[in-house]
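Presented below is the structure to which this report refers.
The values are calculated or read from the model by the stated rules, or taken from the named source; none is laboratory data. Computed from a prediction, not measured in an experiment: that's the story for all the values here. As a convention, Cβ positions derive from the backbone with ideal geometry for all residues, glycine included, and neighbour counts pool all protein chains shown. For accessibility, only protein heavy atoms count, side chains too; no ligands or nucleic acids. Shrake-Rupley method; radii C 1.70, N 1.55, O 1.52, S 1.80 Å.
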Amino acid sequence: MFSKESPSSGPKSPRVVGFYEEASGSIQYVAIDDATKKAALIDVVLDFDPSHGRTRTDSAAEILDFVKSEGLTVEWVLDTHPHADHMMASAWLKEQTGAPAAIGEKVRDIAKLWEDIYHTPGAFDPDRDFDRLFAEGETFTLGDLEVKVMLSPGHTLGSITYVIGDAAFVHDTFMHVDSGTSRADFPGGSSAELYDSLMAILSLPDDTRLFVGHDYPPVGDRKDPAWEATVAEHRENNKHIGGGTSKAEYCKLRDDRDATLALPDRMLFALQVNLRGGRLPPAEADGDAYFKIPANKF
């Protein structure tokens, strides 16, 4: 995989390595406290071939190979939200490392929403399938570094941002500066709430490094994936929100754009896995797991 490193800027700042998963345009992160050699794995992908209904662990295994080569200990397996465009590798990573898997507490509300869409009452139990469900404003540690949780709804109703010193993992809120922002039209999404989340992120210090969840190059003259820019750079130059875009202007731009977009081809597969913490649906009598895909609902 294509990868890039963002160095630590000092004792309270993590070193961050991003890995680009081309099939879904996802960026997976390893956040590192070099003083203690502890690491958090953030939004790591479970590879999926929708044409064959087949999962693989190649991307996650490559990241674990990196962790091993650096002599790191995985302290956390973190997700920012139940992703619509890829399956999360959290359950497999927990099995491999023993590290707890965590996500935001509003995943409970997302689970109820999608139980209705899939017509599978009681299928999802985030309290069972995740070790920690973080609340807005909660803090925890990565090695000697403090991690703060920010609720960042809009793309989903329960997305969270992890802020570690001068690094913020902002998932599907911002995209790279030249691409703008993420969509807000999935069930439970809201362009108005996304605008408020974007503004909250832009209230972080100007030199905060924002690490986004996706990139889809080429963009203009840029051919390679890109996923890091500062708060100041986004505030000034972000394609959708930079230069003082008003909430009304943003919501019209976002809603008009979203109306033209098709659903991700993995979404109806992915949500029923991600709301189980990265686990396939339970095996049936023949020993195989089966996806349940609603017809004519979208």
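Within segment 196-235, the set of residues being part of a loop (DSSP other than H, G, I, E, B) and in contact with an Asp or Glu (Cβ under 8 Å, 6 or more places away or on another chain) comprises Pro205, Asp207, Thr208, Gly213, Pro217, Gly220, Pro225, Ala226, Trp227.
Of all residues in segment 171-195, those satisfying the criterion of being aliphatic (A, V, I, L, M), in contact with a strand residue (DSSP E or B) (Cβ under 8 Å, 6 or more places away or on another chain) and part of a loop (DSSP other than H, G, I, E, B) are Met175, Val177. The set of residues in segment 157-170 being within 11 Å of the chain's Cα centre (by Cα) and either assigned to a loop (DSSP other than H, G, I, E, B) or within 14 Å of Ala31 (Cα to Cα) (or both) consists of Ser159, Thr161, Tyr162, Phe169, Val170.
In segment 58-77 there is at least one residue that is under 26 Å from Leu151 (Cβ atoms) and under 14 Å from the mean Cα position of the chain (by Cα).
Of the residues in segment 211-233, none is acidic (Asp, Glu), out of contact with any strand residue (DSSP E or B) (no Cβ under 7 Å at 6 or more places or on another chain), within 15 Å of Arg183 (Cα to Cα) and touching a residue at least 24 places away in the same chain (Cβ under 8 Å). Annotation: of all residues in segment 197-227 being surrounded by fewer than 18 Cβ atoms within 10 Å (Cβ to Cβ) and closer than 21 Å to Asp79 by Cα, the one that is modelled with the highest pLDDT is Ala200. Within segment 249-298, if we keep just the residues that are of a type in the set (D, E, K, R) and touching a helix residue (DSSP H, G or I) at 6+ places or on another chain (Cβ under 7 Å), the residue that is least open to solvent (accessible area, probe 1.4 Å) turns out to be Arg254. Selection over segment 267-288 of residues that are within 24 Å of Ala102 (Cβ to Cβ), over 15 Å from the mean Cα position of the chain (by Cα) and part of a loop (DSSP other than H, G, I, E, B) gives a count of 5.
Taking the listed residues Asp172, Asp129, the one that is closer than 30 Å to Asp221 by Cβ and surrounded by 18 or more Cβ atoms within 10 Å (Cβ to Cβ) is Asp172, with no other qualifying. Only residues that are more than 15 Å from Lys292 (Cα to Cα) and either open to solvent by 10 Å² or more (accessible area, probe 1.4 Å) or out of contact with any helix residue (DSSP H, G or I) (no Cβ under 6 Å at 6 or more places or on another chain) (or both) were counted across segment 103-125, and they come to 10. Restricting attention to segment 25-53 and to residues that are at pLDDT 95 or above and of a type in the set (Gly, Ala, Ser), the residue that is nearest to Asp166 (Cα to Cα) turns out to be Ala31. The set of residues in segment 14-42 being open to solvent by 10 Å² or more (accessible area, probe 1.4 Å), within 22 Å of Ser69 (Cβ to Cβ) and outside any strand (DSSP E or B) consists of Glu22, Asp34, Ala35, Thr36, Lys37. When you check Ala91 against the structure, is it over 17 Å from the mean Cα position of the chain (by Cα) and surrounded by fewer than 22 Cβ atoms within 10 Å (Cβ to Cβ), yes or no? No: the conditions fail for Ala91.
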